[in-house]
């Protein structure tokens, strides 16, 4: 879909990009990563001709981009940047409509598309369409930025640290949303970031750059397991085992058959339903199936009063979503001091749980790259 | 001892509106200590001061409003104080209109006689005090409807006092009836001169401002040249224009050099604000626009221009107020602006004639200022409007 062939960009004496060759397949997410000044943003900007290469050849969909007028080329490439760059004098709807308007779509089609995109990025269309950018939070602005990039349904997205300017919690949420949207839309994406976790989480392939040169171009697993040299090894970090967890989604190791009891039950019924003879825990749910806490059989042995066996929790803080990464689940468990954590959907309905033992299991019997984790360090 | 006592003391003191109190005192002392009306037998002779009471009941409401404003400034707090002060300012100005009208009609009852009543120093001081009170009341942005309503009330009371008839015996309006034809001619010339010069300044200045934001040397040359022109006094600039115009075989006096001078003065605010307006546009918005496939022209039209326009209008507003003032000076090179009345008045030592030239210039400037501010608000997108609290 996109090929870079021996592309070089020179600024005076400095080589910003040095003989870069790269191929990105259709529907792939290619993450460009590297220390600052490595040429990743320059590379991205050469693809939509905001920067002209000094030498080399770039093709998009088989066409040499120099044969296409830059404006026409760019209208076919979605573009989202870290600073978002929303137009402050236009409403959210007008911002999103930018490229469709440039392409001369009619009003009805634009309005329909704007509504569709707001829903896609998880913003209520009634509430947000007429807001102005300054009324948005950082995370909302980034969502609008992504919606604007997707507006004319371009087959290719160019994203320059699109989630860089928000707090870590919002970033995780945006990454999960992006992964969901990408599963749905299957765009070809070039994604620039300096965040290794983000790269591992979102990439099909990672292009690790340094000083304008490509150091390794491989799948996240490839970079983690078979780093080409010491720089790649160091850049991926010492916590590579943990980083692998980023690649595994909670629902792939989730235990769906968890015992539940209704919150209105008496302790005896709870003990019975939780079948204290064989296991210790049961999740307490309300009539709608929303997690309210859990019941611990050990409390019964003390013969304490009715509610003593129940630990109440707020599902918004103490559970994870099925599309979260195992790393996130593990870190929440460590933070909360739990040995297992409930998995719920967006409204708190219990779907199952993930236990520490399940995460260990993913290491030992999961797919091969995870299994190799324990032995890799002992290689000669 | 209360630990917070020392800090609460100065805060309590600072809640007294000292500016408002001073303004009220100025208005009050003008009304009671200085002559508010001066009766003169004709245009030239010096007049005799008249007691405040000649103004009738309105004279006493004038004093009441001034005393009231002083009390309000000392005793009231916050939003209600601002409202009360604004009401007092309106009261002072409205009372003054009726007091002057009453005094003029009782002192010089015969419209045919050359006797006239001049606005005395005390009345000017009362007006200045009321104006200061007005600004004290609107220092923090209050809602615009209150201010607009107050301004309308003042204007209405002056018009009503004028319609009642007394004001026409005031010296300044005596001068007006004598000069009505020339006066309106001069207003027309004044406005035409300002209008043409501003039009030219916008036609030249906006493209120059755009170019300045794109090309470094254009910016250096145009901004420093326009800045240099601003430092030349207006009379000197008119003199300096004589030589180059003569070299081109053009007249050194008359409308042409006047228009050239006014245009040159108006250029700086227009060029500078266009340049500033364009350069303050967020770089990431420009990057996003280009990255999404806008051409340079589309970017200018759809992004940069709407974001820069409020500042451009602001520049035009500054230029307008400035050229309305400077156009008076152009009377020296034989263009019949309102400045002619001022020059003649100075020549005859006729204060009222000077006022007939000066007061309309001030009014024109105030109206243009308010009008262009309103236009500026209108063309500013709600997304970038600075909210008044």
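Values quoted throughout were computed directly from the atomic coordinates according to the rules given, and no laboratory measurement underlies them. Predicted model, so just to flag it, every value in this text is computed and none were measured. Cβ placement follows ideal geometry from the backbone for every residue including glycine, while neighbour counts extend to all protein chains displayed.
Using Cβ contacts closer than 10 Å as the measure, can you line up B:135, A:191 from fewest to most?
B:135, A:191
Give me A:239, A:204, B:17 ranked fewest to most by other Cβ atoms within 10 Å of their Cβ, as a rough exposure proxy. Walk me through the numbers on the way to the answer.
Numbers: A:239 12, A:204 16, B:17 24.
Exposure proxy ranking, most exposed first: A:239, A:204, B:17.
Would segment A:2-247 count as rounded, prolate or oblate if I go by the C-alpha gyration tensor, calling it rounded below 1.5 in a/c and otherwise prolate when a/b exceeds b/c, oblate otherwise? Don't skip to the answer; put the middle values down first.
Working: a/c = 2.01, a/b = 1.35, b/c = 1.49.
Because a/c hits 1.5 or more and a/b fails to exceed b/c, segment A:2-247 counts as oblate.
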- Message: Classify segment A:129-260 from the C-alpha gyration tensor, please: rounded if a/c falls under 1.5, else prolate or oblate depending on whether a/b exceeds b/c.
- Response: oblate
- Over chain B, calculate the relative contact order: mean separation of alpha carbon pairs under 8 Å at least 6 apart, over the residue count, as a percent. 15 percent
- chain B: angle of helix B:234-247 to the longest principal axis, Cα-based, in degrees nearest 10: 50 degrees
- Query: How far is helix A:138-150 tilted off the main Cα axis of chain A, in degrees rounded to 10, range 0 to 90?
  - Reply: 50 degrees
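For the protein assembly as shown, what does the helix formula give at 222 nm: sum of -39500 (n - 2.57) over DSSP H segments with n ≥ 4, over the residue count, nearest 500 deg cm²/dmol?
Values: 35 runs with 434 residues, N = 769.
Here the helix-only value at 222 nm equals -17500 deg cm²/dmol.
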- Item | Rounded, prolate or oblate (a/c below 1.5 giving rounded, otherwise prolate when a/b exceeds b/c) for the protein assembly as shown by Cα gyration tensor | oblate
- Query: For segment A:199-250 and segment B:118-173, what is the separation of their C-alpha centers, rounded to whole Å?
  - Reply: 75 Å
- How many nm is it between the label spots at residue B:379 and residue B:182, if each spot is 7 Å from the Cα in line with the beta carbon? 3.8 nm
- Note on the structure: Rounded to the nearest 10 degrees, the helix B:144-164 long axis (Cα) sits at an angle to the longest Cα principal axis of chain B of 50 degrees
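Report the gain in length on full extension from residue B:128 to residue B:296: 0.36 nm times residue separation, minus Cα-Cα distance, nm rounded to one decimal. Don't skip to the end; give the middle numbers.
Values: separation 168, 0.36 × 168 = 60.48 nm, distance 5.10 nm.
Additional length available on full extension: 55.4 nm.
Hey, fewest Cβ within 10 Å first, where do B:43, A:143 land in order?
Lowest to highest Cβ neighbour count: B:43, A:143.
Restricting to Cα pairs below 8 Å that are 6+ residues apart, what does the relative contact order work out to for segment B:5-169? Please round to a whole percent. Can you show the working numbers first?
Numbers: 270 pairs, mean separation 54.9, N = 165.
Rounded, it is 33 percent for segment B:5-169.
Taking 0.36 nm per residue of sequence separation and subtracting the Cα-Cα distance, how much length would be gained by fully extending the chain between residue B:221 and residue B:53, in nm to one decimal?
Numbers: separation 168, 0.36 × 168 = 60.48 nm, distance 6.16 nm.
The span from residue B:221 to residue B:53 would gain 54.3 nm if fully extended.
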